[in-house]
Amino acid sequence: MALSEDFKGAAIAITGGAGSVGRTVVRKLIDDGVGLLRVIDNNEALLFDMEQEYRDVSGIEFYCCDVADESELTRCFSNIRYVFHMAALKHVPICERSPFSAVNVNIRGTETVIRAAVRSGVRRVLFTSTDKAVNPTNVMGTSKLMGERLFTAADSMGGRDGERPIFASTRFGNVAGTRGSVIPLFAEQIARGGPVTLTDERMTRFVMTQSRAAELVIESIRHAQGGEVFITKMPALNVVDLARVMIDMLAPLHGHDPASIETRVIGARPGEKLWEELSTDEESARIFEGTEYLVVKPPFERITHAEARRLYPTLDLRDTSMTYHSEHVERMTDREIADFLLEEDVLDAETRARLLESQAPRKEAV
């Protein structure tokens with residue numbers, strides 16, 4: 001997906017740029033020819049690894065910075081035109097155990113990004129949110145919902161001589177293959193011979209690849225008019241189906257009989273939902289549906305369908321009153337899950353290569 005000409009040669013900063021999706025965004029922006037890319041993260045080790053990886057690439061800089069440090073973040077944003085705010089504490093159990101840290105990073109850090117962007121004259125800022133911000137039941141989701149609200153409020157505040165940045169948010173579900181997500185966990189458990197641990201057999205989840213998430217994050221900042229939330233449309237699956245398909249595919253690679261791998265139900269974690277929601281009943285009164293996105297306008301900005309199509313001419317928007325819920329959409333089949341697992345960055349590169357190699361003889365025979 002090519003960037004618009006407005007991004008060619010532009011200066012862009014990414015907070016949380018050393019994270020799984022952040023690294024994919026970095027790779028795509030470099031491939032598409034941005035002028036300057038500043039990768040901002042508080043993980044020195046990951047930044048060092050990235051700096052070594054890109055040591056022969058010009059126009060990329062690495063900054064170790066806590067997003068709650070306004071003076072340092074303002075320095076990092078100097079001469080920057082676009083900001084992707086991706087830094088966050090993202091894991092539900094960790095945020096439940098460390099709620100004040102979640103508040104500091106996900107709420108105070110987001111406020112700091114807003115202030116630093118305004119002070120630095122940034123043109124557009126995009127906040128990456130999560131399905132867990134919808135009707136939140138845990139600290140992580142609640143803190144990300146507050147981040148969305150801060151961005152919507154920031155966009156409505158105005159600025160000096162029309163110089164205020166455009167603030168918008170994008171909201172999506174689970175990104176497969178990221179650190180701490182369920183697919184690497186299941187893969188590790190299968191390699192050991194089990195058991196594979198499920199929190200609840202009824203659980204459903206939205207999923208997408210890192211590459212697709214990065215593309216849609218980049219596209220969202222292009223379409224932003226200010227204050228809206230872009231919801232990425234994505235497939236859903238039953239987690240129990242995912243576990244079964246992974247056992248069937250991966251167990252033989254490690255010398256295990258799939259039938260010998262136990263699946264053990266351990267119970268939901270504190271604050272964990274059985275399903276995922278990407279929009280609410282309240283938002284259904286101000287939401288428009290396109291091919292790849294739902295666009296939620298701010299509650300104080302009610303617009304008509306015709307106005308929405310004019311504001312977002314390439315999104316093919318139509319009126320809708322839908323709520324996007326993983327229990328209410330068609331779930332992926334076993335074949336679709338297997339194909340999904342073979343996409344790039346879903347499984348680790350070595351496992352993916354072995355799976356593709358093991359399937360090649362069957363394809364040749366066909």
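Output the residue which, of all residues in the range 7-30 that are basic (K, R) and part of a helix (DSSP H, G or I), is surrounded by the most Cβ atoms within 10 Å (Cβ to Cβ).
We begin by selecting, within the range 7-30, every residue basic (K, R); these are 8, 23, 27-28.
Filter once more, keeping what is part of a helix (DSSP H, G or I): 23, 27-28.
Numbers: R23: 23, R27: 15, K28: 17.
Looking at the filtered set, the residue picked out is R23.
Any residue in the range 96-115 that's within 16 Å of I14 (Cα to Cα): show its pairings with residues that are of a type in the set (S, T, N, Q) and modelled with pLDDT of 95 or more at Cβ separation under 6 Å, as long as the two are six or more apart or on different chains.
N106/S143
Consider T137 carefully, then state whether it is among the hydroxyl-bearing types (S, T, Y), in a loop (DSSP other than H, G, I, E, B), over 15 Å from the mean Cα position of the chain (by Cα) and surrounded by fewer than 17 Cβ atoms within 10 Å (Cβ to Cβ). Please lay out each step first, then the result.
Values: among the hydroxyl-bearing types (S, T, Y): yes; in a loop (DSSP other than H, G, I, E, B): yes; over 15 Å from the mean Cα position of the chain (by Cα): yes; surrounded by fewer than 17 Cβ atoms within 10 Å (Cβ to Cβ): yes.
Considered against the rule, which asks whether it is among the hydroxyl-bearing types (S, T, Y), in a loop (DSSP other than H, G, I, E, B), over 15 Å from the mean Cα position of the chain (by Cα) and surrounded by fewer than 17 Cβ atoms within 10 Å (Cβ to Cβ), T137 comes out as yes.
Before we move on, is E330 acidic (D, E) and buried (at least 19 other Cβ atoms within 10 Å of the Cβ)? It would help to see each step written out before you state the result.
Working: acidic (D, E): yes; buried (at least 19 other Cβ atoms within 10 Å of the Cβ): no.
For E330, the condition - acidic (D, E) and buried (at least 19 other Cβ atoms within 10 Å of the Cβ) - is not met.
Conditions: (1) in a helix (DSSP H, G or I); (2) in contact with a Gly (Cβ under 7 Å, 6 or more places away or on another chain); (3) closer than 30 Å to V296 by Cα. F206 meets all but one. Number of the miss?
The one condition F206 does not meet is (1).
State whether one or more residues within the range 78-85 are within 20 Å of V296 (Cβ to Cβ) and in contact (Cβ under 8 Å) with a residue 60 or more places away in the chain. Outline the logic, then answer.
So in the range 78-85, the residues within 20 Å of V296 (Cβ to Cβ) come out as 84-85.
Subsequent filtering for residues that are in contact (Cβ under 8 Å) with a residue 60 or more places away in the chain retains 84-85.
Checking the range 78-85: at least one residue is within 20 Å of V296 (Cβ to Cβ) and in contact (Cβ under 8 Å) with a residue 60 or more places away in the chain.
Looking for whichever is of a type outside the set (S, T, N, Q), touching a strand residue (DSSP E or B) at 6+ places or on another chain (Cβ under 9 Å) and in a helix (DSSP H, G or I) here; the options are A168, A153, A187. Which one fits? Even if it seems obvious, please write down each step before you answer.
Details: A168 fails: in a helix (DSSP H, G or I); A187 fails: touching a strand residue (DSSP E or B) at 6+ places or on another chain (Cβ under 9 Å).
Checking each option against the conditions leaves just A153.
Please work out which one of (1) assigned to a loop (DSSP other than H, G, I, E, B); (2) more than 24 Å from V26 (Cβ to Cβ) is the condition I247 fails and give its number.
Just one mismatch for I247, condition (1).
How about the range 287-303: which of its residues are part of a loop (DSSP other than H, G, I, E, B) and either within 14 Å of T323 (Cβ to Cβ) or charged (D, E, K, R) (or both)?
Going residue by residue through the range 287-303, those that are part of a loop (DSSP other than H, G, I, E, B) are 290-292, 297-303.
Hits for the range 287-303 are E292, K297, E301, R302.
Do you know which of the residues in the range 311-322 that are assigned to a loop (DSSP other than H, G, I, E, B) and touching a strand residue (DSSP E or B) at 6+ places or on another chain (Cβ under 7 Å) is farthest from G290 (Cα to Cα)?
So in the range 311-322, the residues assigned to a loop (DSSP other than H, G, I, E, B) come out as 312-317, 320-322.
Of the ones still in play, those that are also touching a strand residue (DSSP E or B) at 6+ places or on another chain (Cβ under 7 Å) are 312, 315, 317, 320, 322.
Values: Y312: 10, L315: 6, L317: 4, T320: 10, M322: 12 Å.
Among those that are assigned to a loop (DSSP other than H, G, I, E, B) and touching a strand residue (DSSP E or B) at 6+ places or on another chain (Cβ under 7 Å), it is M322.
Can you confirm whether the range 31-53 contains a residue that is in contact (Cβ under 8 Å) with a residue 60 or more places away in the chain and crowded, with 16+ Cβ neighbours inside 10 Å? Explain how you work it out, then say what you get.
Pass one, the range 31-53, residues in contact (Cβ under 8 Å) with a residue 60 or more places away in the chain: none.
Taking every residue of the range 31-53 in turn, none turns out to be in contact (Cβ under 8 Å) with a residue 60 or more places away in the chain and crowded, with 16+ Cβ neighbours inside 10 Å.
I'm trying to understand the selection: among the residues of the range 159-172, which are at pLDDT below 85 and surrounded by 19 or more Cβ atoms within 10 Å (Cβ to Cβ)?
Result: R164, single match.
Residues to consider are E272, E283, E277; find the one that is free of Cβ contacts under 8 Å to residues at least 60 places away in the same chain and either surrounded by 17 or more Cβ atoms within 10 Å (Cβ to Cβ) or closer than 18 Å to G141 by Cβ (or both). If you could, list the steps in order and put the result at the bottom.
Values: E272 fails: free of Cβ contacts under 8 Å to residues at least 60 places away in the same chain; E277 fails: free of Cβ contacts under 8 Å to residues at least 60 places away in the same chain.
None of the other options fit; the residue is E283.
Find the strands (runs of 3 or more DSSP E) located wholly in the range 33-133 whose residues include 2 or more that are in contact with a helix residue (DSSP H, G or I) (Cβ under 7 Å, 6 or more places away or on another chain) and of a type in the set (V, I, T), and list them. Can you show your working first?
Values: elements: 36-41, 60-64, 82-85, 124-130.
Fully inside the range 33-133 and qualifying: 36-41, 124-130.
Please enumerate the residues belonging to the range 232-262 that are among the polar types (S, T, N, Q) and surrounded by fewer than 16 Cβ atoms within 10 Å (Cβ to Cβ). Break it down into steps so the answer makes sense when it comes.
Of all residues in the range 232-262, those among the polar types (S, T, N, Q) come to 232, 238, 260.
The one that is among the polar types (S, T, N, Q) and surrounded by fewer than 16 Cβ atoms within 10 Å (Cβ to Cβ): S260.
I want to confirm something. Restricting to the range 257-268 and keeping residues that are touching a helix residue (DSSP H, G or I) at 6+ places or on another chain (Cβ under 7 Å) and not in a helix (DSSP H, G or I), which single residue is farthest from E201 (Cα to Cα)? Walk me through it before giving the result.
Here is the first cut: in the range 257-268, the ones touching a helix residue (DSSP H, G or I) at 6+ places or on another chain (Cβ under 7 Å) are 257-258, 261, 263.
Still in the running and not in a helix (DSSP H, G or I): 257, 261, 263.
Numbers: D257: 22, I261: 16, T263: 10 Å.
This residue is D257.
The values are calculated or read from the model by the stated rules, or taken from the named source; none is laboratory data. Bear in mind the structure is a predicted one, so any value in this text is a computation, not a measurement. Every residue, glycine among them, receives a Cβ derived from its backbone with ideal geometry; neighbour counts consider all protein chains shown.
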